[in-house]
Amino acid sequence: MPSVRLVRGSGAHLAVRVIAAAVIAWLLLSPFLRDLTPSDYGWRTDVAVLALAAVALNLLIGFTGQISIGHSAFFGLGAYTTAVLVSDQGWTPGWTFPVAAVLCFASGVVVGIPALRLTGMYLALVTVALAQLFPALVRRFDGLTGGSAGVDGVRYDPPPWTGLDDGRLDRSRWLYLLALVLLGLGWLVARNLVKSRTGRAMVAVRDNATAAAVAGVNVAFVKTVTFGVSAALAGVAGSLFALRQSHVSPDALAFTILGAVVFLVVVAIGGVATLTGPLVGAVVYHRIDEYTRELPRKTYLPEPVATFLDGRANLASLVFAVLLIALVVAAPDGLVGLGRRVGRRFVVVTPPGVPPATAAAPAPSLQPPVIESVTVEPGGAT
Amino acid sequence: MGRLLQYLFDGLSLGSVYALLALALVIVHRPAGQLNFAQGEMAMVAAFCAWWFGDLGLPVVPAVAAAVAVSCVGAMVVERVAVRPVRDRSPLAVAVVAIALFLGLNSLPSFTWKVTAPERFPAIFPNAPDDFVRIGGATWRYEHLLVLATTLLIAALLALLFRRTRLGLAMRAVASNRGSAALVGIDTGRVFLASWGLAAGVGAVAGTMVASLRGNVDTAMMLSIFLAAAAAAVLGGLDSLHGAVVAGLLLGVVENMAAGYLPGVVGQELRSATGLLVILAVLLVRPSGLFGTPRVERV
Amino acid sequence: MIRSKPTSFVLAIVLIAAGCGGDDGEAPPAAASSPSTAEEEGGDGRWTVDTSDCPDGAEEPIEGTIRIGTTMPLSGGPAAAAFAPLAAGLEGFISYANAEELLPGYTLEIVVEDDQFDPARTPAAVERLLDEAEVDVFASMVGHGNNLAVRDVLNEECYPQLLVMSGSPIWGDVESYPWTMGSLPPYSVETGAYVDHITADLGEGTTAALFFGNNEFGHGYADAFREHTAEAGVEIVDEQTIEVTDSNPPQSQITSMAAKRPDVIMAVPIGAQCISFLNELGNARAANPGWEPRLYITSSCANPLLLAISGAAADGLITGRYVLGADDPATAGDPAVAAFKEAAAPHIDVPDGKYQATPVGWNQGEMLLAILREAADRGPLTRASILEAARTISFTTPLMDALGITLTTDGEEDPFLLESIQVVQYDHETGSQVAVGELFTESEGETEVLVED
């Protein structure tokens, strides 16, 4: 039995939420008060970029049930938009964010329209084509994109009003701040969309498109717009990525199918169809990744183990794979799903006026999607 | 004419490998609706196993057979340990397990055998430079012919297995309706296990044939082949065995013709994308692939 | 369930404070991309670096331990496996140099960060090397894109980025990027040697086909080859490319080349594609009787273990060499190779006796040591003095001296360290590469720098 019961909207509930928000704000903003190095800001910026891309993908997978393994293309399109505008056209980087967003929204809609006819793995495969196409197109149109050599010198120095200088430390602070702001904005867009009428329509489409259509939801409109918004957010994440890297090239894994796969993994380990999942997933993914790559240099390993590992490449990748599987087996609905299940043992939030007995049941609103809810006709095998 | 035939023959050998790996994907997909992203890497590791057995002194054919057996067992262990616990929880979790397997398996040979560069792989089929027949100005190499024949033979054996054996019948029953199959007493867990094992065995044949054609094993050798095979499996309809074979061969030929005849327009950059775009066009007309079963949804 | 609605307020406040992007129209002060003001010549007429725009520390003496930072793929798949011997060779040499006290008064420490060959991971890796490992000098970083991704920051922070493992002509841009220097022979040196050999052997009017991987390496190489053949009157009759991620053999490409029947083929495949290219070409020769093109292949394919896999298909191919390897039976008895093996034995684990790129990594260490020694001889060691030594030096290493190679730089006059190469021919019977003609040195000090706009 849960030990604490909170009534939604009560003073105690509000207090808990204020404290939670304060803790999160402290976690995000305290770096500015501490004596951190540029690399400390750097990895936090990387996490924010990853989180924004995951927020974008989660909108699509979690709330309309469309799997995309092609978001690296939108991410890359955003990155190249910023890179080319800043490096070749001399734009102020801040102005390239809306351009990247609009461009990616439009391409998202263009992809989203044919995607209407496809579901599940069929759609996933078409988005794989997108992921394959993007680096190929970058190499093909080398007049615009610099081809294999890429685009160099994409940087964003802090504007004077921030009081920051253009040294390495202040530049990394500025980018971190920028990433936080854009992540916050993107998250708000996703949140407001999900909580709105459109959001309910999205979930209805995800759970059963036919039923949603019967109930009066414009399925085509909802799916296409969601695709566009998701692409736009991924594009903005790409813009940030370009500024953080200062150099973009088609060799960057983030622009290939592997990038799209990383976004998918982040969404899955965080918790699909939750608003906080992508954020949690990005932090956890990034830390596991960093930790495992430092493994081979750990000096505390006992001598026989160290000798065994001598000359064996790719230890980090193996450990990473095992950790990832362990994580998914332990928390198949993602870490947020796991956290909720554990948290419910201790704290239960009930709507006002509901008797305690029924309130203990989990809220059914945001269940993970059933992606392949396919009934195959008997006799169709072979 | 000679050039057209040459592209056709080369495309068919490329397509045979696509078809075989696509078959493996279909076998896993049919009962559980999962796409095994690690299928290509499992085949790559199988090829490395065969190379290792060869290194230990086994002739090539027994080495390949042993590698096929090791793959079957290994895949069943993986299914039991990593896939089963999450299967009914979330399809996305299954996808992540497969992705993690992909990353881990890709790194396995360099860790296990300390290989740093491609290693020599013995030829399974006759492959001297002049082992070919000349047809209409083009050459059809024996090894390419035999790879195609092996693929067709395996497809035929699979069809027999699915139609004529108890296990095949059980697999078809689960594919068609898992709930009803369980109700009539079919052990669905065993069917999933068998599907993974069977698919890994078929994949291992594909992997070793690729290694034999290349003359070497390399950890990167299945990456682009897997993508093409996945495309072929989807084009064929994901639950159709003959669909996978037809689509695999077709994709191999289309890719090769496009890259050969349209170098200015298509070029190598867009070669693999060409195949995918053709598939996109087909899927827009037939959303369940060429031979796939249309979905019937209950509202 | 605890929902975090109030976070949106916090974010909104941050948002207002940040003014949503800071588009005040002020152009960023171009620090790295603008030429670092003219280098004044030192008292003895040698090139010196201008450190007036540098943050503190570039002229600070380094004492006791010299920390060397590098990035290499150690995980993440095939690249990690391929570069493992290189990393082992470099780290082995550093440990050897410390054991033998080759740089008296100093201990060398090397920190290798794993960037998985992904250029997008290199900036973070270099940041950690700067902030956490506090390295003094960067050397032998792997990958063209990876080096490019951190060139700006290292030039701005004034850290030497020495011995970049790429042959692109952009690594000679002393004016804009004084702190960055390459270590592999520029593409034009190697292709120049081959075209030289073509014209000397086959004369003018020879036809050639070009096959290359579609990345920076392949394109850079192809550009250099086109330039040299145009000058030499060699006609390129066909050009074919392969995607570096393509695991299929280049059948359609070779079918197309065979139809044009060129006299020579210049091939720039990448990694395992070297083998499949050789095998397919062997098949195409058998299928087209009477067509016996001579094959020139990039030195990156010249690994004896790779060529051995291709068997007879590799027989007679022509390639280049600038470091003596340890896997070639013909050079196994060479005193320099024997000395290398003996010195390396306590410091490097060599799986199955296959050295692969270990000598190349070892040689990178030798080159770095020579530069550090030169700097220490001239005066107190600082980041700037190390760079200045690297840019005005002439030396050799045992594994290069055996080929007669000298490494020379002279400020902006001669920005490339290594500009000679030995043309060799592969003999399948003995599995060794035999020198053809003299060492190619015509490019010494002549390589043109590629300046990006």
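The values are calculated or read from the model by the stated rules, or taken from the named source; none is laboratory data. Because the structure is predicted, anything quoted here is derived from the model rather than measured. Every residue, glycine as well, gets a Cβ built from its backbone with ideal geometry; the counts of neighbours run over all protein chains shown. Note: accessible area is taken over every heavy atom of the protein model, side chains too, but ligands, DNA and RNA are not part of it. Shrake-Rupley method; radii C 1.70, N 1.55, O 1.52, S 1.80 Å.
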Calculated log₁₀ intensity ratio I(q)/I(0) where the Debye formula runs over C-alpha points of segment A:282-329, q = 0.31 Å⁻¹:
-1.16
Spherically averaged projected area in nm², based on the convex hull that wraps the Cα atoms of chain C
27.8
Averaged per residue, the 1.4 Å probe accessible area of segment A:103-219, protein heavy atoms only, in Å², is roughly 39
Max mean-square fluctuation residue, GNM over chain A, Cα-Cα springs under 10 Å, options A:157, A:251, A:310:
A:310
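Counting heavy atoms of the protein chains only and a 1.4 Å probe, report the per residue accessible area for chain B as a whole number of Å².
Spelled out: the 1.4 Å probe surface of chain B, per residue, equals 35 Å².
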Hull surface over four for the Cα convex hull of segment B:1-42, reported in nm², is 3.5
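Please average, across the residues of A:147-158, the number of beta carbons from any other chain that are within 10 Å of each residue's own beta carbon, and give a whole number.
Across the residues of A:147-158, the mean count of other-chain Cβ atoms within 10 Å is 6.
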So what's the back-of-envelope 222 nm ellipticity for chain C, counting only DSSP H runs of four-plus at -39500 (n - 2.57) apiece and dividing by all residues, rounded to 500?
-11500 deg cm²/dmol
By per-residue mean of other Cβ atoms within 10 Å, what is the highest-first order of C:383-390, A:167-174, B:125-132?
C:383-390, A:167-174, B:125-132
Chains C and B: how much accessible area gets covered up at their contact, both sides added, probe 1.4 Å, in Å² to the nearest hundred?
3000
Taking the Kirkwood radius as the inverse of the mean 1/r across Cα pairs, report the Rg/Rh of segment C:189-296.
0.94
Provide a list, ordered by number, of residues in segment C:96-123 showing at least 10 Å² less accessible area with every protein chain present than when their chain is taken on its own, using a 1.4 Å probe.
C:111, C:112, C:113, C:114, C:116, C:118, C:119, C:120, C:121, C:123
When chain B is treated as a GNM, springs tying every alpha-carbon pair under 10 Å, which of B:160, B:223, B:235 comes out with the largest mean-square fluctuation?
B:160
Counting only protein heavy atoms, probe 1.4 Å: which residues of segment A:75-96 lose 50 Å² or more of accessible surface in the full assembly compared with their chain by itself?
A:92
Over chain A, the sum of -39500 (n - 2.57) across DSSP H runs of at least four, divided by residue number and rounded to 500 deg cm²/dmol, gives at 222 nm -22000 deg cm²/dmol
Taking every alpha carbon pair in segment B:79-173, what does the distance histogram look like in 10 angstrom bins from 0, in percent?
12, 18, 26, 30, 12, 2
Per the helix-only calculation at 222 nm, which mean residue ellipticity applies to chain B, given -39500 (n - 2.57) for every DSSP H run of n ≥ 4 and division by its residues, nearest 500 deg cm²/dmol?
-23500 deg cm²/dmol
Residues of segment A:6-43 that become at least 40 Å² less accessible with every protein chain present than in their own chain isolated, using 1.4 Å: which are they?
A:17, A:21, A:39
Going by amide H atoms built from the backbone, whose H comes under 5 Å of the H on residue C:206, apart from near neighbours?
C:235
Enter the accessible area per residue of segment C:318-453 (Å², integer; probe 1.4 Å; all protein chains in place).
40
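Taking the protein assembly as shown, how many lysine pairs are there with alpha carbons less than 24 Å apart, if each pair must be eight or more places apart or span two chains?
6
Can you tell me how segment B:26-115 classifies by the Cα gyration tensor, rounded, prolate or oblate, using a/c under 1.5 as the rounded cut?
The shape class here is prolate.
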How many Å³ per residue does the convex hull of the Cα positions in chain A occupy?
216
Please list the radius of gyration and Dmax for segment C:76-179, considering alpha-carbon atoms only, with Å as the unit.
14.2, 39
First compute the accessible area of segment B:99-230 with a 1.4 Å probe, then give the percent of it belonging to carbon and sulfur atoms.
65
Excluding ligands, DNA and RNA, what is the accessible area buried between chains C and A, summed over both sides, using a 1.4 Å probe, to the nearest 100 Å²?
5400
At 1.4 Å probe size, with the rest of the protein present, what percent of the exposed accessible area of segment B:1-56 is carbon and sulfur atoms?
65
When you look at the Cβ of every residue in A:257-267, what mean number of other chain Cβ atoms sits within 10 Å?
3
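Averaged over peptide A:329-340, how many Cβ atoms belonging to another chain are found within 10 Å of each residue's Cβ?
3
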Dimensions in Å of chain B - Rg and Dmax from alpha carbons:
19.2, 62
What is the ratio of the Cα radius of gyration of the protein assembly as shown to 2.2 N^0.38 Å, with N the residue count, to two decimals?
0.94
Which whole-Hz couplings ³J(HN,Hα) result when phi for each residue of segment B:8-21 is put into the Karplus expression 6.51 cos²θ - 1.76 cosθ + 1.60, θ = phi - 60°, listed in order with x for Gly and Pro?
5, 5, 4, x, 5, 6, 4, x, 4, 5, 4, 4, 5, 5
Picking from C:423, C:52, C:271, whose Cα lies most toward the positive end of the charge dipole for chain C (charges on Cβ: Lys, Arg +1; Asp, Glu -1)?
C:271
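Which percent of the accessible heavy-atom area of segment A:36-113 goes to carbon and sulfur, probe 1.4 angstrom?
Carbon plus sulfur share of accessible area: 73 percent.
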Ordering of A:215-222, A:189-196 by burial proxy (mean other Cβ atoms within 10 Å per residue, highest first)
A:189-196, A:215-222
With the contact rule set at Cα under 8 Å and sequence spacing of 6 or more, what percent relative contact order holds for chain A?
31
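Compute the Rg to Rh ratio over segment A:139-186 from the alpha carbon atoms, using the Kirkwood formula for Rh, and round to two decimal places.
Result: Rg/Rh = 1.17.
Show me A:105-116, A:252-263 ranked by packing, highest mean number of other Cβ atoms within 10 Å first. Each step should come with its number before you reach the end.
Details: A:105-116: 18.9, A:252-263: 24.0.
Result, highest mean Cβ count within 10 Å first: A:252-263, A:105-116.
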In whole Hz, what ³J(HN,Hα) sequence does segment C:412-429 give by Karplus (6.51, -1.76, 1.60; θ = phi - 60°), x for Gly and Pro?
6, 5, 9, x, 9, 6, 10, 9, 10, 8, 9, 6, 10, 10, 8, 10, 5, 4
How big is the B/A interface in buried accessible area, both sides summed, 1.4 Å probe, to the nearest 100 Å²?
5500
